[in-house]
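The values are calculated or read from the model by the stated rules, or taken from the named source; none is laboratory data. All values reported here derive from a predicted model rather than from experimental measurement. Heads up, the Cβs are rebuilt from the backbone with ideal geometry, glycines too, and the neighbour counts pull from every protein chain shown. The accessibility values were calculated without ligands, DNA or RNA, using every heavy atom of the protein model including side chains. Shrake-Rupley method; radii C 1.70, N 1.55, O 1.52, S 1.80 Å.
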Amino acid sequence: MTITATLNGTPQTYEPGTTVAALVEEHGWREQAVAVAVDGALVPKSRWQHAEIADGSDIITLSPMQGG
Amino acid sequence: MSTTCTNDDPFAVADTILSSRLLLGSGGASSSGVLRDAVIASGAQVVTVSMRRTHSGVDNGLMHALKDLEVRVLPNTSGCRTAREAVLVAELAREALGTDWVKLEVVSDDRTLLPDVIELVEAAETLVAKGFHVLPYTTDDVVIAQRLEEVGCSAVMPLGAPIGSGLGIRNPHAITLIRETVDVPVILDAGVGTASDAALAMELGCDAVLLATAVTRAERPALMAGAMRHAVIAGRDAYRAGRVPRRHLAQASSPLSPTV
């Protein structure tokens, strides 16, 4: 049994109980400047270890790029 | 590296004294190396970045280069169309980069990239309440500049012309009026095409200039960055020196006494 969530616009499947910290780790983003929002709200890094991804979540991660 | 500020002419934004009145955008540089050389040549202490969806590895070169240069990274909210989007992107930028500063952009459409000032003022007010130092990219409308100051922005950043257009300052009177009206720093943002545009902004009384395209997409970015540095210094000095009044007829600069 898995859950489905959208990550940066792409549907993904995750094991139930997957945390934001695990997601960031899985994608190799831990060393990058990255911030995470779930369903339109910031999830501070201090909460990543305990923030579990719910079925149907809309997850956005942003990082700095050239611009402005 | 020479700077544009002296002890008797400090440039303060929010909680910081900056040593350069030129702020550089990182957009449009063909590589991190080109950007690095341009930043060094410009003398800029503040460099903007945009926030985009994360892809593995893509930011490493940029952020490492900026860290090595010891510049202040100023995230922007480019790409946002509503106050709600801009507030979220600003919060994400603060989380990712550890800075309370944000260049607030809320634009109306891709064709003009002109600020949507209704959404802009709303976003600015919300972000100030959340503890941000807000530097809003705005139109050259003095009433909007006043509104942005009233809601607590740390500066106002009126455009000279649309982003990336290189058209220079289309309405110098409007920029002068903003400078005469608000007390927060006025940073000319967008529209600069070449060094004389940056000098004019400073001669009009702007406290600083923020530009990207004019440098990063020049044929020789580092050379243009150096030209901008000199232009900003020259324009500021000319503003402080006080220019002579314009006259319709000649005024002799040599004695009028008889010669032969």
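Charged neighbours of B:L211, selected by a Cβ distance under 12 Å, balance to +1 (K, R count +1; D, E count -1). Only Lys, Arg, Asp and Glu carry charge here, each on its Cβ (+1 for the first two, -1 for the last two); on that basis the protein assembly as shown has a dipole of about 1140 debye about its Cα centre.
The GluC sites (Glu not before Pro) found in chain A that occupy coil by DSSP, while having at most 14 further C-beta atoms within 10 Å, are A:E31. Give me log10 I(q)/I(0) at q = 0.09, 0.12, 0.15 Å⁻¹ for the protein assembly as shown, Debye formula, one equal scatterer per alpha-carbon, no solvent. One equal scatterer on each Cα of the protein assembly as shown leads to -0.50, -0.82, -1.18.
Accessible-area loss of 30 Å² or more (1.4 Å probe, protein heavy atoms, chain alone versus all protein chains) is found in region A:7-32 for A:N8, A:W29, A:Q32.
Rolling a 1.4 Å probe over the heavy atoms of the protein chains gives chain B an accessible area of 47 Å² per residue.
One decimal place: the segment B:R111-B:R220 gains 36.5 nm when fully extended, by the rule 0.36 nm per residue minus the C-alpha distance.
Using a cut-off of 12 Å between beta-carbons, work out the net charge of the residues near A:K45 (Lys and Arg +1, Asp and Glu -1, A:K45 not included). After counting each charged neighbour, the total is +2. Surface exposure of chain A, expressed per residue as accessible area with a 1.4 Å probe, stands at 50 Å².
Near the amide H of B:F11, within less than 5 Å, lie the amide hydrogens of B:L18, all on another chain or at least 5 residues away, with H placed in the peptide plane. When only the Cβ of Lys, Arg, Asp and Glu is charged (+1, +1, -1, -1), the dipole of region A:3-62 relative to its Cα centre reaches about 220 debye. With R₀ fixed at 56 Å, the C-beta to C-beta distance from A:M1 to B:A238 puts the FRET efficiency at about 0.20. On a 0 to 90 degree scale, rounded to 10, what angle separates helix B:83-97 from the longest Cα axis of chain B? Roughly 80 degrees, rounded to the nearest 10.
Springs between alpha-carbon pairs under 10 angstrom, Gaussian network model over chain B: which of B:P158, B:P115, B:P245 fluctuates most? Maximum among the listed residues: B:P245. Accessible surface buried by the A/B pair amounts to about 2300 Å², both sides summed, 1.4 Å probe. For region B:92-175, applying the loop criterion from DSSP together with a ceiling of 14 other beta carbons within 10 Å to the GluC sites (Glu not before Pro) yields no site. Note on B:45-55: average number of Cβ atoms from other chains within 10 Å of each residue's Cβ is 6.
Here region B:201-260 and region B:117-169 have alpha carbon centers that stand 26 Å from each other. For chain B, the share of DSSP beta bridges that are antiparallel, to the nearest 5, is 15%. Charged neighbours of A:G68, selected by a Cβ distance under 11 Å, balance to -1 (K, R count +1; D, E count -1). Here the Karplus relation 6.51 cos²θ - 1.76 cosθ + 1.60, evaluated at θ = phi - 60°, turns the backbone of region B:13-20 into coupling constants of 10, 6, 9, 9, 8, 9, 9, 9 Hz, with x for every Gly and Pro. Summarise the accessible area of the protein assembly as shown (1.4 Å probe, protein heavy atoms) by the percent that is carbon and sulfur. Carbon and sulfur: 50 percent of the exposed surface of the protein assembly as shown.
Among the residues of region B:80-98, those with an accessible-area drop of 50 Å² or more from chain alone to full protein complex, heavy atoms and 1.4 Å probe, are B:L88, B:L92, B:E95, B:A96.
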